[in-house]
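The values are calculated or read from the model by the stated rules, or taken from the named source; none is laboratory data. Everything numeric here is computed off the predicted structure, so don't read it as measured data. We place every Cβ from the backbone using ideal geometry, glycine too, and count neighbours over all the protein chains shown. Note: accessible area is taken over every heavy atom of the protein model, side chains too, but ligands, DNA and RNA are not part of it. Shrake-Rupley method; radii C 1.70, N 1.55, O 1.52, S 1.80 Å.
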Amino acid sequence: MKMTGENNAGFSEITMDDVKDLIKRKDEIEEQIKAYYDVLEDQHVGVEGPLVDAEGFPRADVNLYQIRTARHSISCLQNDHKAIMEEIEEALHRLHAREKAKRGGDEAGDQEEAMEQQVTLPPPFARVDAVTQGSPACGAGLRVGDEIIEFGSVNTENFQNLQNIASVVQHSEGKPLRVSVIRDGQKAQMNLTPQRWSGRGLLGCNIVPIHR
């Protein structure tokens, strides 16, 4: 909630209800982004798929207007999402500082700290629902229930379906991938190296998408 000039004085009076309103707006933006990604997935083009055929003519098998509109809207909404996340973070910092001063600095702002950790993390796009003992995933520290926010080059903003993860895994055999998850409300990071082992696949875990 970036305010300047005469409005800045009112910022110090921000309440948790104000922060919750910002979070509600953030959730609404995320829902809109997800809806536009669904449009692109239905058209089988994604964010960067070509809109012309091999001869350079506009493709006749897709709705070009719908795709261009969705891509433009996603770009604008991602900027809005980044801006509101900054507003939330700033609001929480100020709210926490005010509460800390009010309470004399002892155990101040527990609720604000917990909410700050929650809202400044990007929303997860997939969840781990099985990990096999002795597998690469198990060795890397991945656990059942971990909610994925980053898997190599795949993140919340560019994830479309599980094929995105599968493609990264196939092209990264023997190479460590940075994986970030939300576990018990906290961010955890690990390096996962896809590789052959005694079981099936290169990871030894099962990942399911999170439908927001």
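Between Leu64 and Glu28, take the C-beta separation as r, use R0 = 25 Å, and let me know the FRET efficiency to the nearest 0.05. Approximately 0.35, to the nearest 0.05. Mean residue ellipticity at 222 nm, helices only, the chain: -15000 deg cm²/dmol; runs of at least 4 DSSP H residues each add -39,500 (n - 2.57), and the sum is divided by the number of residues.
Note that the chain presents 59 Å² accessible area per residue, ligands and nucleic acids not counted, probe 1.4 Å.
Here Rg/Rh (Cα atoms, Kirkwood Rh) was calculated from the structure, and among [x] 0.99; [y] 2.03; [z] 1.06 it sits at label [z]. Once both labels are positioned 7 Å from their Cα atoms along Cα-to-Cβ, the gap between His72 and Ile210 label points is 3.2 nm. Among the lysines of region 16-102, pairs at least eight places apart or on separate chains and with Cα atoms under 22 Å apart come to 9.
Other residues lying with their Cβ under 12 Å from the Cβ of Thr193 contribute a combined charge of +2, Lys and Arg counting +1, Asp and Glu -1.
Derived scalar couplings between HN and Hα for region 182-196 equal 9, 10, 6, x, 10, 7, 10, 10, 7, 9, 10, 10, x, 7, 5 Hz in order, rounded to whole Hz, by the Karplus curve 6.51 cos²θ - 1.76 cosθ + 1.60 (θ = phi - 60°), x for Gly and Pro. Remark: the Asp184-Asp129 segment gains 18.3 nm on full extension, using 0.36 nm per residue and subtracting the alpha carbon distance.
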